[in-house]
Structure formats: C-alpha cells, structure tokens
Amino acid sequence: MDLFAIVIIGIGLSMDAFAAALVKGLCSKDLHYALAFKVGLYFGFFQGFMVWFGYTLGLSFSALIDSFDHWVAFFLLAAIGGKMIYEGLQPKDLSCDVDPGTDVKSMITISIATSIDALAVGISLALLKTEIISTSLIIASVTFLISFLGVRIGKRWASKLDNTAEIIGGLVLIAIGIKILLEHIL
C-alpha cells in the first residue's frame, strides 16, 4: 500500500478522535498547547496500537481466507465507514455539562473508544499483507496531528463543524475499501 493511501486511511480513522478532540477543546476551561499535545498523544498512540493489534490478529487467520481477502477488507472498511456515516448523521449535543476529563483513566477510555475501528482496519491490512510498523506509525502520527488541531480549534469551531468530520471519515474509508476491491478484481 502506498504512502498516500495510508495517510488517507489515517485521516479517515482519525475522525472519531478529531470529534472527541473538538469536544475536549470546546469544554476545556484553559486552552493550552499542553492539553492539545496530551490529547493528540493519547489518541495517536492508541490509534497506531490498535492498527498494529488488529494486524497481529489478522495474521492468525489470513492464510485461511487468502483467496477472498480483498472482499473481507472491502466489507470491513465499508462497514466501518457506514457506521461512521450513520453516527455522523445522528444529532449530537456539544454541550459541556461535565468536565472534559483529561485524567489518565478518562483519556485511556476515550482513546480506546475512538480507536476500535482501527482494530478492524488492522485486520484488513493483515489480509493485504501491508508492512505494519511504518503503517501504524503513519496512522498514529496523522491521528496525533488531527487530534492536536481538533483541541486547538475546538473552542471556536466545534459547534459549527457538527458531525461533518465523521461523515467525511466514513466516506473516505468506504472509498479505500472500493479501491482495494477494484485493484484485486480488475
């Protein structure tokens, strides 16, 4: 898989983290670079780790489905993308009735929740026999950057962006799935 495709997958996967980072920024009393760095670091790390972990799981059964792995990759990416679009179309309240929670427990919980989709993408990458170390690092870096920016712009733009990021992320993942399928069929 080429660098461009990996970056695009990273952008698509990071949309849940971006939405969570926007809320962190929106609800934070103080908007310092340290908060943006912390959120980006947590989200980026877990996104990269979950891609690697999914890849490791996927290797265990990739030989069993080698003849139709491109279909599995397509359906996983399409399902994740569809779920993101569905969630993006649901109305959400961006109010700050509670503390945004930046303690370790809160950050780990939200980091895992926003990176579950990366686990399935990692499985898809194993089926495609993608080199995982650099891929995970690129996806982690993209997520770090997008999450960092999400916190920084959260105060000003979160209420205006609404659910657009999740919808775009879902469309990107579906497009990558279609690309993988077409490359193997044609």
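Could we say that Val7 is surrounded by fewer than 22 Cβ atoms within 10 Å (Cβ to Cβ), under 12 Å from the mean Cα position of the chain (by Cα) and in a helix (DSSP H, G or I) here? Before you say what the answer is, go through the steps one by one.
Details: surrounded by fewer than 22 Cβ atoms within 10 Å (Cβ to Cβ): yes; under 12 Å from the mean Cα position of the chain (by Cα): yes; in a helix (DSSP H, G or I): yes.
Yes.
If you scan the stretch 46-64, which residues turn out to be crowded, with 17+ Cβ neighbours inside 10 Å and either within 17 Å of the chain's Cα centre (by Cα) or among the hydroxyl-bearing types (Ser, Thr, Tyr) (or both)? Before the answer, list the steps.
Taking the stretch 46-64 as the starting set, the residues that turn out to be crowded, with 17+ Cβ neighbours inside 10 Å are 46-55, 58, 62.
Of everything in the stretch 46-64, those that are crowded, with 17+ Cβ neighbours inside 10 Å and either within 17 Å of the chain's Cα centre (by Cα) or among the hydroxyl-bearing types (Ser, Thr, Tyr) (or both) turn out to be Phe46, Gln47, Gly48, Phe49, Met50, Val51, Trp52, Phe53, Gly54, Tyr55, Ser62.
Give all pairs with beta carbons closer than 7 Å in which a residue from the stretch 78-90 that is in contact (Cβ under 8 Å) with a residue 12 or more places away in the chain meets a residue that is part of a loop (DSSP other than H, G, I, E, B) and surrounded by 18 or more Cβ atoms within 10 Å (Cβ to Cβ); count only pairs at least 6 apart in sequence or on separate chains.
Gly88/Asn163; Leu89/Asn163
One line per residue, one yes/no per condition, for (1) out of contact with any strand residue (DSSP E or B) (no Cβ under 9 Å at 6 or more places or on another chain); (2) in contact (Cβ under 8 Å) with a residue 60 or more places away in the chain; (3) over 18 Å from Ala140 (Cβ atoms); (4) not β-branched (Val, Ile, Thr):
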| residue | (1), (2), (3), (4) |
| --- | --- |
| Leu22 | yes, yes, yes, yes |
| Cys27 | yes, yes, yes, yes |
| Ala36 | yes, yes, no, yes |
| Phe43 | yes, yes, no, yes |
| Met50 | yes, yes, no, yes |
| Leu64 | yes, no, yes, yes |
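Among the candidates Leu145, Leu171, Leu182, Leu161, which residue alone is at pLDDT below 80 and either of a type in the set (A, V, I, L, M) or under 18 Å from Gly48 (Cα atoms) (or both)?
Matching residue, one of Leu145, Leu171, Leu182, Leu161: Leu161.
Looking at the structure I just gave you, is Gly58 more than 24 Å from Leu186 (Cα to Cα) and without any contact (Cβ under 8 Å) to a residue 40 or more places away in the chain?
no
Go through the stretch 13-37 and count every residue that is touching a helix residue (DSSP H, G or I) at 6+ places or on another chain (Cβ under 7 Å) and assigned to a helix (DSSP H, G or I). Write out each step before concluding.
So in the stretch 13-37, the residues touching a helix residue (DSSP H, G or I) at 6+ places or on another chain (Cβ under 7 Å) come out as 13-26, 28, 31, 35-37.
Keeping just the survivors that are assigned to a helix (DSSP H, G or I) gives 13, 15-26, 35-37.
The total comes to 16.
Looking for whichever is under 23 Å from Leu171 (Cα atoms), modelled with pLDDT under 90 and out of contact with any Cys (no Cβ under 9 Å at 6 or more places or on another chain) here; the options are Ala63, Ala113, Ala126, Ala140. Which one fits? Even if it seems obvious, please write down each step before you answer.
Values: Ala63 fails: under 23 Å from Leu171 (Cα atoms); Ala126 fails: modelled with pLDDT under 90; Ala140 fails: modelled with pLDDT under 90.
Matching residue, one of Ala63, Ala113, Ala126, Ala140: Ala113.
Of the numbered conditions (1) exposed (fewer than 15 other Cβ atoms within 10 Å of the Cβ); (2) of a type in the set (S, T, N, Q); (3) modelled with pLDDT of 85 or more, Thr135 fails exactly one; give the number of that condition.
Here Thr135 clears every test but (1).
Of the numbered conditions (1) on the phi > 0 side of the Ramachandran plot; (2) at pLDDT 85 or above, Gly101 satisfies every one except a single condition; which is it?
Against the list (1) on the phi > 0 side of the Ramachandran plot; (2) at pLDDT 85 or above, Gly101 comes up short only on (2).
Which residue pairs have Cβ atoms under 8 Å apart, sit 6 or more places apart or on different chains, and have a first residue in the stretch 1-15 that is under 16 Å from Ile168 (Cβ atoms) and a second that is part of a helix (DSSP H, G or I) and among the acidic types (Asp, Glu)?
Leu13/Asp117; Met15/Glu166
Here is a list: Ser67, Ser28, Ser14. Which entry is among the polar types (S, T, N, Q) and under 17 Å from the mean Cα position of the chain (by Cα)?
Details: Ser67 fails: under 17 Å from the mean Cα position of the chain (by Cα); Ser28 fails: under 17 Å from the mean Cα position of the chain (by Cα).
Answer to the check: Ser14.
The values are calculated or read from the model by the stated rules, or taken from the named source; none is laboratory data. Everything numeric in this text was worked out from a predicted model, so none of it was measured. Positions of Cβ are backbone-derived with ideal geometry, glycine not excepted, and every protein chain shown enters the neighbour counts.
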